[in-house]
1. Taking a probe of 1.4 angstrom, what is the accessible area of Ser160 in Å², to the nearest 10?
2. Pop out the Kirkwood hydrodynamic radius of the range 1-69 from its pairwise C-alpha distances, inverse of mean 1/r, in Å to one decimal.
3. Going by accessible area, probe 1.4 Å, with all protein chains left in place, what is the ranking of Glu132, Glu33, largest first?
4. For the range 90-178, compute Rh as the Kirkwood radius over C-alpha pairs and then the Stokes-Einstein diffusion coefficient at 4 °C and 1.567 mPa s; write the answer in µm²/s, rounded to an integer.
5. Loop-only trypsin sites (Lys or Arg not before Pro) in the range 188-245, please: DSSP not H, G, I, E or B, and at most 11 other Cβ atoms within 10 Å.
6. Please report, largest first and rounded to whole Å, the three semi-axes of the ellipsoid equivalent to the range 56-137, where each semi-axis is the square root of five times an eigenvalue of the C-alpha gyration tensor.
7. Based on Cβ point charges of +1 for Lys and Arg and -1 for Asp and Glu, what charge dipole magnitude is obtained for the range 1-63 about its Cα centre, in debye rounded to the nearest 20?
8. Skipping prolines and chain starts, which residues have an amide H placed within reach, meaning under 5 Å, of the one on Cys202, given they are 5 or more residues away or on another chain?
Amino acid sequence: MTKPCIICVAITGSVPTKANNPAVPITVAEQVESTHEAFEAGAAIAHCHVRNDDQTPSSDPDKFARLKEGLEKHCPGMIIQFSTGGRSGAGKARGGMLPLSPDMASLSVGSNNFPTRVYENPPDLIDWLSGEMQTYEVTPEIEAFDLSHILQAIRLHGESRLYGKLYVQFVMGVKNAMPADREVFDFYVRMMQSRAPHAEWCAAGIGVNQLAVNEWAIAAGGHTRTGLEDNVRLDKDRLAPSNAALVQRAVQMCEKYERPVATWRQARETLGLNSVAV
């Protein structure tokens, strides 16, 4: 299989702390250093959250601005993707960083259950976030926690309500949401191939499901996501020493299936993003 595989590294997230794994990068300086290592290991996209000093989630645009500046300096060409997820803020605060014009931003187009709460994405908020992404030319990565989210994303893109090329990520293994189920995964792939053949898709597995979902996606010709946001362990006995270690594991999986790992230039071309001078 000759299609390059884009590896996204989700460096921090909103949930894991240093109590879960000391390698989780919290400060902007730690995030830049961890992302730089992951970039050198083969990651082409950095999926970014920011944190307060006490490790709680934040949606502070100033923190995102400092992170973006650091990544552009130390990871030239890497695709910067900000999270607009609901764990970091409420309402329009979730999109307060979009005027910074990152290359991409995550976008959930429907609601679902999370382990202890409902992850609410009401239609008016989805419309506002997608409108802001149009305004600031930010390509959304659709985070699909359910089949309905995939179909909704295809519909919205067909109505020209999503900026840029359609890119859908299957998120599998969140407790109370879609489990990491191979039959479901295969059905998702068929839906993308039949309903949105010109789109690109990616898959992420949460916790112990990370490696399996990485392998499914790589073997099926899609792209994949790894990183300490989703999983803090290499296996049941060992913590992951870094984001780079998890990226290296995905790279090894690409080698197993004879998939080239996408460079940042190839990733930008595949996703229809602007090229950058480095």
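1. Approximately 90 Å² for this residue.
2. When all Cα pairs of the range 1-69 are included, the Kirkwood radius is 12.7 Å.
3. Solvent-accessible surface, decreasing: Glu33, Glu132.
4. 98 µm²/s
5. Filter output for the range 188-245: Lys236.
6. In descending order the semi-axes read 23, 15, 11 Å.
7. In total the dipole reaches around 300 debye.
8. Val168, Gln169, Phe170, His223
The values are calculated or read from the model by the stated rules, or taken from the named source; none is laboratory data. Note that the structure is predicted; figures quoted are calculated from it, not measured. All Cβ positions, even for glycine, are placed from backbone atoms using ideal geometry, and neighbour counts span all protein chains on display. Heavy atoms of the whole protein, side chains included, go into the accessibility calculation; ligands, DNA and RNA do not. Shrake-Rupley method; radii C 1.70, N 1.55, O 1.52, S 1.80 Å.
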